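The values are calculated or read from the model by the stated rules, or taken from the named source; none is laboratory data. The structure presented is a predicted model; accordingly, all values stated were derived computationally and were not measured. With ideal geometry, Cβ positions are generated from the backbone for all residues, glycine too; neighbour counts draw on all protein chains shown.
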Amino acid sequence: MRRRDAVDVIGDALTAWVGGSGHRAIAWVLGVPADTVRGWIRRFRLVAVRIRELFTRWAHVLDPGRGPVVPTGSAAGDALDAIGVVGVLAVRRFGPRSPWALASTVTNGTLLANTSSPWSVPM
């Protein structure tokens with residue numbers, strides 16, 4: 001049986017991991033299998049640069065005058081920050097919403113999918 005976890009749960013896991021928590025501790029707090037959290041982390045590591053690039057572009061679509069997303073020193077940290085920046089800009093423009101639900105929408109539900117399907121990139 002395949003699990004489907006809420007995007008906010010996955011986002012909480014990734015945020016905790018970038019913040020320094022291990023996958024077992026994160027899994028225990030969130031009530032999901034440790035292997036599942038480890039899989040999310042592995043996939044996030046693999047696509048972090050693409051995520052940062054995509055969300056940086058979306059940040060400039062939502063606020064063309066905004067400066068660059070400041071590097072954090074890690075690809076995963078940069079990706080997480082870019083998602084957060086777009087989340088903040090989207091809330092300012094469209095009203096309250098979860099940044100992780102927005103990330104799912106921007107990537108057509110494939111933020112961590114292991115497919116070669118490209119995300120919609122703003123022009």
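Just checking, does region 65-79 include any residue being assigned to a helix (DSSP H, G or I), at pLDDT 90 or above and loosely packed, with under 15 Cβ neighbours inside 10 Å? Walk me through it before giving the result.
Initial filter on region 65-79 (assigned to a helix (DSSP H, G or I)): 75-79.
From the residues that got through so far, the ones that are at pLDDT 90 or above too are 75-79.
Next, from what is left, pick out any that are loosely packed, with under 15 Cβ neighbours inside 10 Å: none.
Looking for residues that are assigned to a helix (DSSP H, G or I), at pLDDT 90 or above and loosely packed, with under 15 Cβ neighbours inside 10 Å, one finds none in region 65-79, hence no.
Assess whether L14 counts as being in a helix (DSSP H, G or I) and free of Cβ contacts under 8 Å to residues at least 24 places away in the same chain.
On the way: in a helix (DSSP H, G or I): yes; free of Cβ contacts under 8 Å to residues at least 24 places away in the same chain: no.
No, not satisfied.
Tell me yes or no: at least one residue of region 81-96 is in a loop (DSSP other than H, G, I, E, B), at pLDDT below 85 and loosely packed, with under 15 Cβ neighbours inside 10 Å. Step through it out loud before you land on a result.
Here is the first cut: in region 81-96, the residues in a loop (DSSP other than H, G, I, E, B) are 95-96.
Imposing the further condition that a residue be at pLDDT below 85 reduces the set to none.
No, the conditions are met nowhere in region 81-96.
Step by step: first the residues of region 1-57, then only those that are more than 22 Å from P71 (Cβ to Cβ) and β-branched (V, I, T), then the one that is surrounded by the fewest Cβ atoms within 10 Å (Cβ to Cβ). Which residue is that?
Applying the filter and picking the extreme gives V29.
Which residue pairs have Cβ atoms closer than 6 Å, lie 6 or more positions apart in sequence or on different chains, and pair a first residue in region 35-62 that is among the β-branched types (V, I, T) with a second residue that is not in a helix (DSSP H, G or I)?
T56/V69; V61/P122
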